[in-house]
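Asker: I have a structure here, written as structure tokens, and I will follow up with some questions on it.
The numbers here are math on the coordinates, done by the rules we state, and not lab data. Here the structure is a predicted model, which is why all the values come from computation and not from measurement. Note that we place each Cβ from the backbone using ideal geometry, even for glycine, and neighbour counts take in every protein chain shown.
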Amino acid sequence: MRSTRVGAAVAVLLVAACSTGPSPSSPTSPGTVAPTSTAQTATAGTSTTATTATTTHPTGTTPPRTATSTRPTTAPRTTPPRTTSHTSPSGTTAPSTGLPPALRDGVVTRLPTSSKVVALTFDGGAGSQGAATILATLHAQGVPASFFVTGRFATANPSTTRQMAAVGPVGNHSWSHPDLTTVGAATLQQELSTTRTAIIAATGRDPRPLFRFPFGAYDSRVLGLVHAQGYGAVGWTTDSLGWKGTSGGMTVDSVVARVLAGRAPGQVVLMHVGANPDDGTTLDAAALPRIIAGYRAAGYGFTTLSVLTH
């Protein structure tokens, strides 16, 4: 399905909805931006826009239910606002000039490259059921990857988080995976700062400037606040939808087909390290060897989100 956005570059989605579990490029542009307060439903490498304001994602945390925050079953996710400056609650423009150039405008959904490389990214929310298999596959295949973990995940799984950092960068994914469009500035800042401390404790490395919004949900206000905390936001080009599990109609075959159907230079793939809470499946972990083989057969290599931080 092609994007219906007029005047915007093709919207590209990136890597992570988060894992579930108990609570504890284009060559000319770093990313594609679209109007504020829209939502994005991932399909096989493409996206469509809707008018919902928040999104759903697999996690142990349910976004607050308000008049504007519902929990749709199709997991729409908001797209980047069409703007290059972001306004804070006080009405001032939050600074983003200290960020690497590729992370200053909107949410990055595709790497700025025309080379046949893709970035595999994995989100960790609470559960880590598929993490060992994923890490073993990446090591065996010699494939780098990027990760986004919550503070709860890093605190509960310090060894796994440390192993992730040996494979590629580990970014901030908030502490408790709330819908950040529904929280105040102080809460958002605390979500980021406590998670940063947890990731540094586990890995010895600062997650900044890499951040991924929980549920993919954001607006210009929270994007400005995230920038002010020293983070740029990374989304994804293709969501594998492995988090839906077999109970959600997905299979290993459909995950593999979906990811490879979206392959393109700079594609950012979103997968997860946890299990579906209803059926216990870890489809992304099971599909990963075939995904890697499929990219290589098509002449693709692999990179990490570190290319955005220079």
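Asker: Arranged from highest to lowest average of other beta-carbon atoms within 10 Å per residue, in what order do the peptides 161-170, 132-141, 209-218 appear?
Answerer: 209-218, 161-170, 132-141
Asker: Per 0.36 nm of contour for each residue apart, how much would the distance between residue 136 and residue 247 grow if the chain were fully extended, relative to their Cα-Cα spacing?
Answerer: 37.4 nm
Asker: Working only with C-alpha atoms, what are the Rg and Dmax values of region 188-228, expressed in angstrom?
Answerer: 10.9, 31
Asker: Compute for region 219-276: radius of gyration divided by Kirkwood radius, i.e. Rg/Rh, restricted to C-alpha atoms, rounded to two decimals.
Answerer: Rounded to two decimals, Rg/Rh equals 1.12.
Asker: Continuing with the same structure: Net charge near residue 183, counting Lys/Arg +1 and Asp/Glu -1 over other residues with Cβ under 13 Å of its Cβ?
Answerer: Taking every Cβ under 13 Å from that of residue 183, the sum is -2.
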